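Peer 1: My structure is below; once you've seen it, I'll send some questions.
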Amino acid sequence: MIGYKLFLLLEKFLMLLPGSWRKSFFTSLGTLGYLFSSRYRNVVYQNLDYAFDGTMSEEEKRSIAKYNFKNLALNMMHLMELRHMSKEELGKKITIHNIEAVEKVHAEGRAVIYVTAHYASWELGGAAIGAFIEPLAAVYKKLKNQTFQPWVLEARDAFGNRSIEKTNVVKHLIRFIKKKFAIGLLIDTNIKKRDGIEVEFLGKPITQTPTAAYLARKYDVAIIPVATRTDDDEHYTLMLFDELVVEKTDDEKADIQKAAQLQADWLSELIREEPKFWFWLHRRWKNDKPEIYH
C-alpha cells in the first residue's frame, strides 16, 4: 500500500505538469524500457520474425520495438489522464471515423459488440466510445497486482463504461445484450486452446476467443471492429469499421468459425498496413507456437 500511495503522489505531481512535459516523462520511460528490457525486446523480434516469416529487416524490427515500448508508456499516461480529463478535453484528442456503421445498427434496433485489439491507444479508444457513441461493458483480465486494479478500472470507466472481469463472463454479457447495452471485447489476447477456436491470424494458426461470434449469432447482435491510430502520438482517430456479418445457418459451429475468422482477417489486415501500432510485446503465440519464444 505504501508503494501505491507513492504512486498516487507521483500522479498528482505529473498531472500538475504541462501536457508536453508529462508526455516527455512517459516517452522517456518507454525508452528506458526498450534499453533495459532485453527479454521483452526479444519477444518483439520473435513475434515479428514469426509473423513476417523472417522478411522484416533488423532496422524495421528495431523501429517497431522502440515504438512498442513508447506506445505502452503512452497508454499508461492516457490511463492517468483519463482519471482527470473532461469530455471536452477527450474530444480534442479524438476524431471519430465512420460512425455511420454504428448508427445503421442502432437504427435497426440492434445492440453492438465492439471487437478490438491492443492497437495504438486502446485506452483512449475505449473511453471515446463511451463518451461519444455509447457506454459499453468491457471485458478485462484481472491484474497480477490487485493493488492497482481499482486505479485502472476507474480510468477506463470514467466516461460511462463498465468493466467486467472475464471469469464466467458470458452470462453477464448476455444480460447486457438483452438490455441493448454495448459490449467491448479484445480478440488479440493469448488464451488456452480449450477456451477458444483455431483461426488463421497473420497467416498463422492461432487460438482466438469465439465469444463475439457466438453472441452475435445467437442474439442478432452486430459485430463492429474498432481501433485507433495516430500520426503524432497526440491526436488519435477512432476507426469504426463496417459490420462483420454473422451467418445463421443450420450449422452453428461453421457459422461461429467463419465469423471468428472474419475478425482475425480484419485484424491481420490492420496490422499488415501499419504493424508498429500492434502490441508485439505480448507473447501472442505462447500456447499455439511456444517454441518461437525459446
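Peer 1: Percent antiparallel among DSSP beta bridges with both residues in the range 2-283, to the nearest 5?
Peer 2: Values: 12 of 31 bridges.
Here the share of antiparallel DSSP bridges comes out near 40 percent.
Peer 1: Only Cα pairs under 8 Å and at least 6 apart count here; give the relative contact order of the range 2-283 as a rounded whole percent. Kindly include the intermediate steps, with their values, before the conclusion.
Peer 2: Working: 424 pairs, mean separation 66.9, N = 282.
Dividing the mean separation by the residue count of the range 2-283 yields 24 percent.
Peer 1: Please list, in chain and number order, the residues 5+ apart from Ile94 or on another chain whose amide H is under 5 Å from its amide H, with Hs placed from the backbone.
Peer 2: Distant-sequence amide H within range of Ile94: Tyr236.
Peer 1: Within 10 Å, count the other beta carbons around each residue, average over each peptide in 8-15, 242-249, and list them highest first. Before the final figure, lay out each step's value.
Peer 2: Values: 8-15: 12.4, 242-249: 15.5.
In decreasing order of mean packing, 8-15, 242-249 become 242-249, 8-15.
Peer 1: Between Asp250 and Phe148, what FRET efficiency comes out of the Förster formula 1/(1 + (r/R0)^6) with R0 = 51 Å and r the beta carbon distance, rounded to 0.05?
Peer 2: Numbers: r = 48 Å, r/R0 = 0.94.
Result of the calculation: an efficiency of 0.60.
Peer 1: Something else: For Tyr219, Tyr34, what ranking results if the residue with the fewest other Cβ atoms within 10 Å of its Cβ goes first?
Peer 2: So the residues, fewest neighbours to most, are Tyr219, Tyr34.
Peer 1: I would also like to ask the following. Need the list of aspartates and glutamates near Lys144 for cross-linking: C-alpha distance under 16 angstrom, and skip anything on the same chain fewer than eight residues off.
Peer 2: Glu165
Peer 1: Using the Cα centre of the chain as the reference point, and only Cβ charges (+1 on K/R, -1 on D/E), how large is the resulting charge dipole? Debye, rounded to the nearest 20.
Peer 2: On the way: 43 positive and 39 negative charges, 288 e Å.
Its charge dipole is roughly 1380 debye.
Peer 1: Follow-up question, since we're still on this one. Determine the calculated [θ] at 222 nm for the chain from helices alone, applying -39500 (n - 2.57) to every DSSP H run no shorter than 4 residues and normalising by the residue count; nearest 500 deg cm²/dmol.
Peer 2: Details: 11 runs with 146 residues, N = 294.
Taken over the chain, the calculation gives -16000 deg cm²/dmol.
Peer 1: What dipole magnitude, in Debye to the nearest 20, does the range 36-97 give about its Cα centre under +1 on Lys/Arg Cβ and -1 on Asp/Glu Cβ?
Peer 2: On the way: 10 positive and 8 negative charges, 61 e Å.
Result for the range 36-97 is approximately 300 debye, rounded to the nearest 20.
Peer 1: If amide H atoms are built 1.01 Å from N in the plane of the peptide, which residues on other chains or at least 5 residues away come under 5 Å of the amide H of Leu136?
Peer 2: Long-range HN contacts for Leu136: Asn161, Arg162.
Peer 1: Using Cβ counts within 10 Å as a stand-in for footprinting exposure, how do Ile256, Ile292 rank, fewest first?
Peer 2: Details: Ile256 22, Ile292 17.
So the residues, fewest neighbours to most, are Ile292, Ile256.
Peer 1: If R0 is 22 Å, what FRET efficiency do you get for Thr95 and Glu274 from their C-beta distance, rounded to 0.05? Walk me through the intermediate numbers first.
Peer 2: Details: r = 17 Å, r/R0 = 0.75.
Step by step, r from the Cβ atoms, then E = 0.85.
Peer 1: Oh, and also: Order these by the 10 Å Cβ neighbour count, fewest first: Ile129, Ile197. Don't jump to the answer; show the numbers that get you there.
Peer 2: Values: Ile129 28, Ile197 16.
Ordered from fewest to most neighbouring Cβ atoms within 10 Å, Ile129, Ile197 come out as Ile197, Ile129.
Peer 1: Report ³J(HN,Hα) in whole Hz for each residue of the range 236-243, in order, from the Karplus equation J = 6.51 cos²θ - 1.76 cosθ + 1.60 where θ = phi - 60°; Gly and Pro get x.
Peer 2: Per residue, the Karplus-derived 3J(HN,Hα) values read 10, 9, 8, 9, 9, 9, 5, 3 Hz.
Peer 1: Moving on. Quick check on my link table: of Lys180/Lys253; Lys92/Lys171; Lys92/Lys258; Lys12/Lys286; Lys66/Lys258; Lys104/Lys193, which ones sit more than 30 Å apart, alpha carbon to alpha carbon? Before the final figure, lay out each step's value.
Peer 2: Values: Lys180/Lys253 25 Å; Lys92/Lys171 37 Å; Lys92/Lys258 38 Å; Lys12/Lys286 38 Å; Lys66/Lys258 35 Å; Lys104/Lys193 35 Å.
Going by Cα-Cα distance, Lys92/Lys171; Lys92/Lys258; Lys12/Lys286; Lys66/Lys258; Lys104/Lys193 fall outside the 30 Å limit.
Peer 1: Related question: Rounded to whole Hz and in sequence order, give me ³J(HN,Hα) for the range 247-260 from the Karplus expression 6.51 cos²θ - 1.76 cosθ + 1.60, θ = phi - 60°, writing x for Gly and Pro.
Peer 2: 6, 9, 9, 6, 9, 4, 4, 5, 4, 5, 4, 5, 5, 5
Peer 1: How far apart, in nm, are two points set 7 Å out from the Cα along the Cα-to-Cβ line at Ile2 and at Asn287?
Peer 2: 3.9 nm
Peer 1: Out of Arg156, Arg272, Arg284, any idea which swings most in a Gaussian network model of the chain, alpha carbons joined below 10 Å?
Peer 2: Largest GNM mean-square fluctuation: Arg272.
Peer 1: Towards the positive end of the charge dipole of the chain, with charges on Cβ (+1 Lys, Arg; -1 Asp, Glu), say which of Asn42, Ile2, Val112 has the farthest Cα.
Peer 2: It is Ile2.
Peer 1: In whole Hz, with x marking every Gly and Pro, tabulate ³J(HN,Hα) for the range 112-120 from phi via Karplus 6.51 cos²θ - 1.76 cosθ + 1.60, θ = phi - 60°.
Peer 2: For the range 112-120, the Karplus curve yields 10, 10, 8, 9, 8, 8, 6, 9, 6 Hz.
Peer 1: So if I place +1 on the C-beta of Lys and Arg and -1 on the C-beta of Asp and Glu, and nothing else carries charge, what would the dipole magnitude of the range 55-177 be about its Cα centre? I want it in debye, nearest 20.
Peer 2: 480 debye
Peer 1: Starting from the amide H of Asp188, placed 1.01 Å from N in the peptide plane, find each other amide H under 5 Å away whose residue is 5 or more places distant or on another chain.
Peer 2: Distant-sequence amide H within range of Asp188: His118.
Readers should treat all values here as calculations from the given coordinates under stated rules, not as data from a laboratory. Since this is a predicted model, take the numbers as computed values, not measurements. FYI the Cβ positions are ideal-geometry reconstructions off the backbone, even for glycines, and counts take in every protein chain you see.
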